């Protein structure tokens, strides 16, 4: 969409909500300069018709629009405080080429999540705590305008016939949007921000997510091509941990990543990124994660990294792990390592295959080598609470053995503990030339 088209669209706040929306007239605080801003918009559009502007550099373009706004305000001669002039210029620029009122929040490196609960309520997560901000939108249509700016470049849509969408920002931040009639508070946006520079294993150690000994163990497991599943609840840091694990993959291996909305940040050179596609307006053309997993098997991958398994693709992932594609990585939602296995069983059944439970469990126990379970603690920090080996089957039960656990000692304290048990797959590490010292499993070391 051209700059002029964006500016024209922004004058009315973007797409108009249908009348079936229960709160389509919901508005936030009234800006006393709203009419003035609309008038300035019109003048800027008129000026830009005769000016050639390169849109590639958003910072230069934004600064140019801000200068134009200030010049127009000065020419009008209306007495407006300097702070308000700068605010008006910034808001017009952000609405035109960025993401409106939440632009400053997205640029704040300390904010990890932005939550828009309708036009009047905007929250952020900062240092693990949720805080309400004084940021607001004009009304529901203003929020819809920002959602449309996010999803349209990706070929996705959101309207009353399809009121939910997953998308991503240009920097890789994950976006979920849901609108009326499903969202009664008005259009709702949830943005999970990602660092411009992905967190390294040293960053996770400094944050207390794991210890140096555990990091060495996980690095050895990834380099030895063990199949690893990262489990945890929403916001527990699964994708961040997956990114760190992926950084241990050697540079000479071919990696295929598969996601709903691309957010895995790999630094290796030989990476192919695949992203699912929702159905078009006619309900056709959808490409699912399961389709992409099947296709990835024909792409000669050394590693397959699936952002998250949610349904039938779990069966294809397990079959890939069991047919020579060692070293695969994925994540899944669960409350514990044992719960993760139960969820995998359910997801395999969602593939439509009428398999006996024992056969499914044999597939799981043969495919998965290690489960890393992560939790978000009460103080907002993220901890790896279990590193659990999948040892095989005993009768109809999958045998799990904890290698490391995080022992909670009160509301805001705890300690990482090695169980003292050496994993059965240690021979696979040694076969790859990786010899871990015995002390790494010593309970007294951590």
Ranking of 404, 123 by count of other Cβ atoms within 10 Å, fewest first = 123, 404
query = Regarding region 127-273, what are the three Cα extents along the principal axes, ordered largest first, in Å?
reply = 52, 33, 23
inquiry  = With only alpha-carbon pairs counted, each pair once and no self-pairs, how large is the Kirkwood hydrodynamic radius of region 201-441 in angstroms?
reply    = 18.4 Å
task = Please work out the Cα center distance from region 405-441 to region 297-322, rounded to the nearest Å.
result = 27 Å
Residue order, fewest to most beta carbons within 10 Å, for 311, 231 = 311, 231
ask   = What is region 129-250's relative contact order, in percent, from Cα pairs under 8 angstrom and six or more apart in sequence?
value = 15 percent
key: Estimated FRET transfer efficiency (residue 84, residue 394; beta-carbon r; R0 51 Å; 0.05)   = 0.10
task = Among DSSP beta bridges whose residues both lie in region 201-441, state the antiparallel percentage, nearest 5.
result = 50 percent
request  = Please quote Rg/Rh for region 253-292 to two decimal places, taking the Kirkwood radius as Rh and restricting both calculations to Cα atoms.
outcome  = 1.09
remark   = Most packed first (mean Cβ within 10 Å per residue), the peptides 178-188, 366-376 order as 366-376, 178-188
task = Pairs of Cα atoms under 8 Å, at least six residues apart: use those to get the relative contact order of region 349-446, whole percent.
result = 18 percent
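Readers should treat all values here as calculations from the given coordinates under stated rules, not as data from a laboratory. As the structure is a computational prediction, the values presented were derived from the model and not from experiment. All Cβ positions, glycine included, derive from the backbone under ideal geometry; neighbour counts span all protein chains shown.
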